Amino acid sequence: MNPRLSAYLDDVFSHYEDLKPIRELKEELSQDLQERLLDLQKEGFDEEAAFNRTIASIGEISELIETIHVNTTKLQQIIGLDFSKQNLQKSDLRSVQVHDGKFNYSNMQGSDFSRSDLTNASFKCSNLDGVIFDGANLTKAKIQKSSLRGASFRQAILDQTDFGSSELSDVCMDNLTFTGTTFHYTGLKGTSFRNATFRNCSFKTDVKKTIFDGARMDKGTYALLKGLKANLSQVTII
């Protein structure tokens, strides 16, 4: 694409969040502007004149972008939105705000919830394999009876999150902080909690092959895991 056109669009769209509808609008405009520029040059206009006419031809797009931005943000912030029993594989749900949202009995495989606010959301009996929760707020979320193989939780907030009866085997949960988090009958074979911090957490499951190397935990959580015969040889009590 023409560098000047690319720089022009980058400047126009730079004031708005990276939302999917706005990205799509930018891509469509990029193609249209490039074609318009080439057509004008074929008609005999020099580079400067062709560029100016191309920019003028699309009119005022800021108002359109603002409308899309506002409407998309409103949709993303609906409280209690119900996505249950849906096939939503590989959905782009980054930076959404869905408090109390319902994602029950849904196929969310490979979807991206990076930086989303999913406070008190419900994921019951869902396919969450490969889902990205990086930077997401899952406070009080109920992720129950769901498969999470290959899921990513880097820098996620997991305060009082309930993973009851879900499958987390071999998932990396290193360096995270767990406060009041519940792991009842959760699959934790090979799950890594290296350098994680635990406070007032509840475990009722097999943790003999769970990795806690370098973890820090309060006395109550330590005693609970010790009773379940977890390997806590490299754990620090706080």
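The values are calculated or read from the model by the stated rules, or taken from the named source; none is laboratory data. It should be emphasised that the depicted structure is a prediction, and the values quoted were computed from it without experimental measurement. With ideal geometry, Cβ positions are generated from the backbone for all residues, glycine too; neighbour counts draw on all protein chains shown. For accessibility, only protein heavy atoms count, side chains too; no ligands or nucleic acids. Shrake-Rupley method; radii C 1.70, N 1.55, O 1.52, S 1.80 Å.
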Flagged in the range 168-192 as part of a strand (DSSP E or B) and either within 19 Å of the chain's Cα centre (by Cα) or polar (S, T, N, Q) (or both), in numbering order, are C172, T177, F178, T179, T182, S192
Of the conditions (1) among the small types (G, A, S); (2) modelled with pLDDT under 80; (3) surrounded by 11 or more Cβ atoms within 10 Å (Cβ to Cβ), the single one that S14 does not satisfy is (3)
Residue pairs qualifying under the 7 Å Cβ cut-off, at least six apart or on distinct chains, with the first in the range 155-168 being in contact (Cβ under 8 Å) with a residue 24 or more places away in the chain and more than 17 Å from K124 (Cβ to Cβ) and the second being of a type in the set (G, A, S) and outside any strand (DSSP E or B), are none
Within the range 209-238, restricting to residues that are in a helix (DSSP H, G or I), hydrophobic (A, V, I, L, M, F, W, C) and open to solvent by 20 Å² or more (accessible area, probe 1.4 Å), the one that is nearest to L188 (Cα to Cα) is L224
| query | Would you say D159 is assigned to a loop (DSSP other than H, G, I, E, B), out of contact with any Pro (no Cβ under 9 Å at 6 or more places or on another chain) and under 24 Å from Y105 (Cα atoms)? | reply | yes
Kindly indicate whether L118 is in contact with a Leu (Cβ under 7 Å, 6 or more places away or on another chain) and over 20 Å from S202 (Cα atoms).
yes
G150 fails exactly one of (1) surrounded by fewer than 19 Cβ atoms within 10 Å (Cβ to Cβ); (2) in contact with a strand residue (DSSP E or B) (Cβ under 8 Å, 6 or more places away or on another chain); (3) modelled with pLDDT of 95 or more, namely (2)
